[in-house]
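Comments concern the structure below.
The values are calculated or read from the model by the stated rules, or taken from the named source; none is laboratory data. Nothing here was measured: the structure is a model prediction, and the numbers come from that model. Don't worry about glycine lacking a Cβ; one is built from the backbone with ideal geometry, like all the others, and counts go over all protein chains shown. When the accessible area is computed, the model is the full protein with side chains, heavy atoms only, and any ligands, DNA or RNA have been set aside. Shrake-Rupley method; radii C 1.70, N 1.55, O 1.52, S 1.80 Å.
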Amino acid sequence: MKIDLFQKTSGPAKSLRAKLLGIFILFGLVLLGFLWIMQSVLFEKYYERSMEKKCRAGVATISSALIGEEELGYEDFCEILGSVSSENDLYVYVESGDGSLSLSSTEVSKPGRVIPEGKRIFVDAKNMLSSSYGNEIFFTIPGRQNEKMAIFAKLLDGGEKGMIYIYALAFLSPMGPAVDILRSQLIIVTFIVLAFGIVIAYLTSRHLAAPLTQMSENARKLGDGDFDVRFTGADYHEINELADTLNEAAAQLKMTDSLRKDLLANVSHDLRTPLTMIKSYAEMIRDLSGDDKKKREEHLGVIIEETDRLSDLVNEILVLSRVQSGAESFEEEDFDIQKAAEEIVQTYRIMESEGYVISFEPLAGELTVHGDESKIKQVMSNLISNAVKYSEERKEIRVFFEDKGDTVRFSVEDKGMGIPEEQLDMIWNRYQRASRQGARAKEGNGLGLSICSEILKRSDAKYGVESVYGEGSCFWFEMKKV
Ligand code: ADP
């Protein structure tokens, strides 16, 4: 039966494809809407604006000819007036306030466009100018045949020449037909853009969604326990990153799964051995040694020893899983690492009665580090206990410190059986015990060093071992000095 542990992500989410399609269409519509407004509403305004600019530029040229530094003769002035008019397709007219000057572009050059209204058309402009506060004015008036006329007028102070009026008139062709053509073109463009948008959105979303769909299929396989599944990326950085993360997760899951299987196998094996011993010795007491006090005590001794082993094993498994899962809280504080080590060494002094020589070699002064003192003590105790356990005949153990500048190194050295080089890396793993040909198997469950390694990792401490097989080992860890 498959148990549904996780709730599905709530709410009906849109598919990537639909979303992309929507975005593309929206983008296309906004773009086209913008174009529509530009063409149908603002087109005429732009046209008027550009004509106003033309008029202004023409009037500015004439103004500077009139009041510029260079004194111009009548002929030159006529020439300028003519060229301003013909180059910009403007009708230009200049008149002085006292009536002494009155000259229009049709009088000086080949008349381009003649305005039937003649100069009379500027009377309104003149009146507007004199009644306004400014010295220039621009406006449009309807002309013939749907044409519009744009008029720009300027009042110029000509100094000795008195006040001078300059007028420029431009013809605005009717925009209606042009706008109509543009509109019909825009309708075609709208359809083409939308069709393209849909095709591009479809292709892009397919390209984007394909690796994701593949990934979710693989993730489902992973969920079903196929840890060998591989996630492949695509042409996108983000999707590649997701694939890498998922591959990492799959690798972790595979490792956890094999650890779980090992744990189950080892735990059941380790529990079964002492339990079998306890059962058989209890049976022996019941059936054979019940009345024989000496034998009974001996058998009870074995039972008690095995029970202790059992409870040690259970305790260590618990500690390790708690530290590994992060459930164990670390109460960190500053403490003197040498003092902590001395206290632990003291608890092993009892081994001296069995011929062990444990030398403790601290450095001068206090060495303060930051961490969970009781956990660090547990690491020290595990390392010393291993040194004792794997010492064999030469029972000399050294516990010493080295000042490494920013850090302090704690080491436990023994002259015991050592560890084969190829097994040095794995002894820190759960249930990993170095195998030794010919050597006596020592009691142990292979959890001590993995507990040390977890605690040291959580304490940000470096750690390691140097060992020569058959000559001895030196286990160490380094903590930052405070
Ligand atoms: P255990 O001692 O219970 O087997 P540990 O995790 O403490 O488990 O150690 C793992 C293995 O590392 C041991 O089984 C042993 O083979 C090796 N080892 C640890 N300390 C020493 C040492 N001081 N000398 C030689 N071998 C050691």
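Residues in the range 327-332 carry Karplus couplings, in order, of 6, 7, 8, 9, 9, 8 Hz; the curve used is 6.51 cos²θ - 1.76 cosθ + 1.60 with θ = phi - 60°, and Gly or Pro positions show x. How would you classify the range 46-99 from its alpha-carbon gyration tensor, with a ≥ b ≥ c the square roots of the eigenvalues: rounded for a/c under 1.5, else prolate if a/b is greater than b/c, otherwise oblate? Here the range 46-99 falls in the prolate category. Helices in the chain that qualify as membrane-span-like (whole DSSP H runs, Cα extent of at least 27 Å along the helix axis, mean Kyte-Doolittle hydropathy of 0.0 or higher) are 16-36, 176-223. Once backbone amide H atoms are built at 1.01 Å from N, residue 470 has 418, 419 as its partners under 5 Å, excluding neighbours fewer than 5 places away on the same chain.
To the nearest 10, the accessible area of residue 348 is 40 Å² with a 1.4 Å probe. For residue 36, the accessible area of its heavy atoms, probed at 1.4 Å with every protein chain present, is near 80 square angstrom.
Annotation note: GluC sites (Glu not before Pro) in the range 127-175 located in DSSP loop regions with a Cβ neighbour count of at most 14 within 10 Å are 147. Solvent exposure of the range 176-303 amounts to 69 Å² per residue of accessible area, where only protein heavy atoms count and the probe is 1.4 Å. By definition, a body whose alpha carbon gyration tensor gives a ≥ b ≥ c is prolate when a/c is 1.5 or more and a/b is larger than b/c, and the chain fits this prolate description.
Under a 1.4 angstrom probe, counting protein chains only, how are 34, 24 ranked by accessible area, largest first?
34, 24
Remark: accessible surface ordering of 329, 473 (largest first) is 329, 473, probe radius 1.4 Å. Taking all protein chains as shown and a probe of 1.4 angstrom, residue 78 keeps an accessible surface of around 20 Å².
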